[in-house]
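Encoded as C-alpha cells, here's the structure I'll be asking about.
The values are calculated or read from the model by the stated rules, or taken from the named source; none is laboratory data. Predicted model only: the values in this text are computed from it and were never measured. Cβ placement follows ideal geometry from the backbone for every residue including glycine, while neighbour counts extend to all protein chains displayed.
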Amino acid sequence: MKKMGILVFVVILVSFVAAYAQENEPLTFKDFIEGKEAFEENCIECHSLEWPLAKITDRAGWEETLTKMANTGAVLSKKNRRQVLEYLVAKSTFQTKCSVCHGLERPLEKNKEFQEWVTTVRRMAAKKPEHLTEEEIQAVSGFLTAKGEETAL
C-alpha cells in the first residue's frame, strides 16, 4: 500500500513538473506566427481586429483584455492564449519602443526571416543602448516575422 501511495505521488509530481515546463518553455518565432493566427481566427468571430491592433498596452493590460474576452465567451487553449498574449505584447513593444526613433510603416512593409529581423532589431537597438532588452529584441523580431503584409497598425 505504501509503494502505491509513493507511485501515485510520483506520477502526480511528474505531471505538475511537465505542465510547468511546457508553460515556461522559451518562445520561438513560430509561437508568434501561431499567436497571430490564433488571434486573427478567434478574435474576428466577435469583432473586427482594428481595435486590438490599434491598442497599445503592457503585459498586464493584455492579460486583463484576454481574461475579459474569455469571460464573454472567447475560447483559446492554454497554449494559444499564451501565444496570443506574447504576440500582442510584442506588437505593443514594437509600437512603443521602435516609434521612439522612426516611423513604423517601413518595418511593417518589409518581410524578412526571423534571423534577419533579429539582426536588424539588434542593429537598431545598438543605437540606443538599454532601450530594448534581449527578450524584447526577440519578441519584436518574432512579431515582425509573423506580422505579414496584411497587418496594419
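State whether the residues of segment 75-90 include one that is modelled with pLDDT under 90 and closer than 30 Å to Lys127 by Cβ. Outline the logic, then answer.
Here is the first cut: in segment 75-90, the ones modelled with pLDDT under 90 are none.
No - not one qualifying residue is present in segment 75-90.
What are the residues in segment 109-136 that are closer than 19 Å to Thr57 by Cα and in a helix (DSSP H, G or I), if any?
Taking segment 109-136 and keeping what is closer than 19 Å to Thr57 by Cα, we get 131-133, 135-136.
Correct list: Glu135, Glu136.
Regarding Ala146, is this residue surrounded by 15 or more Cβ atoms within 10 Å (Cβ to Cβ), touching a residue at least 24 places away in the same chain (Cβ under 8 Å) and small (Gly, Ala, Ser)? If you could, list the steps in order and put the result at the bottom.
Numbers: surrounded by 15 or more Cβ atoms within 10 Å (Cβ to Cβ): yes; touching a residue at least 24 places away in the same chain (Cβ under 8 Å): yes; small (Gly, Ala, Ser): yes.
Answer is yes for this residue.
From (1) in contact with a helix residue (DSSP H, G or I) (Cβ under 9 Å, 6 or more places away or on another chain); (2) at pLDDT below 95, pick out the condition that doesn't hold for Pro129.
The single condition Pro129 does not satisfy is (1).
Looking at Ala90, Ala125, can you tell me which residue is closer than 20 Å to Glu25 by Cα and small (Gly, Ala, Ser)? Spell out how you get there, then give the answer.
Working: Ala125 fails: closer than 20 Å to Glu25 by Cα.
Selected residue: Ala90, the only one of Ala90, Ala125 that is closer than 20 Å to Glu25 by Cα and small (Gly, Ala, Ser).
Report every pair of residues separated by at least 6 positions or lying on different chains whose Cβ atoms are under 7 Å apart, first residue within segment 65-80 and closer than 18 Å to Lys55 by Cα, second of a type outside the set (Val, Ile, Thr) and in a helix (DSSP H, G or I).
Partner pairs satisfying both residue conditions: Leu66/Arg81; Leu66/Leu85.
Within segment 20-29, identify whether any single residue is modelled with pLDDT under 90, hydrophobic (A, V, I, L, M, F, W, C) and surrounded by 14 or more Cβ atoms within 10 Å (Cβ to Cβ), and answer yes or no.
Of the residues in segment 20-29, the ones modelled with pLDDT under 90 are 20-29.
From what is left, the residues that are hydrophobic (A, V, I, L, M, F, W, C) are 21, 27, 29.
Keeping just the survivors that are surrounded by 14 or more Cβ atoms within 10 Å (Cβ to Cβ) gives 27, 29.
The answer is yes, given that some residue of segment 20-29 is modelled with pLDDT under 90, hydrophobic (A, V, I, L, M, F, W, C) and surrounded by 14 or more Cβ atoms within 10 Å (Cβ to Cβ).
Any chance you could count how many residues in segment 40-59 are in a helix (DSSP H, G or I) and in contact (Cβ under 8 Å) with a residue 24 or more places away in the chain?
Here is the first cut: in segment 40-59, the residues in a helix (DSSP H, G or I) are 40-43, 50-54, 59.
Then keep just the ones that are in contact (Cβ under 8 Å) with a residue 24 or more places away in the chain; that gives 42-43, 52-54, 59.
Result for segment 40-59: 6.
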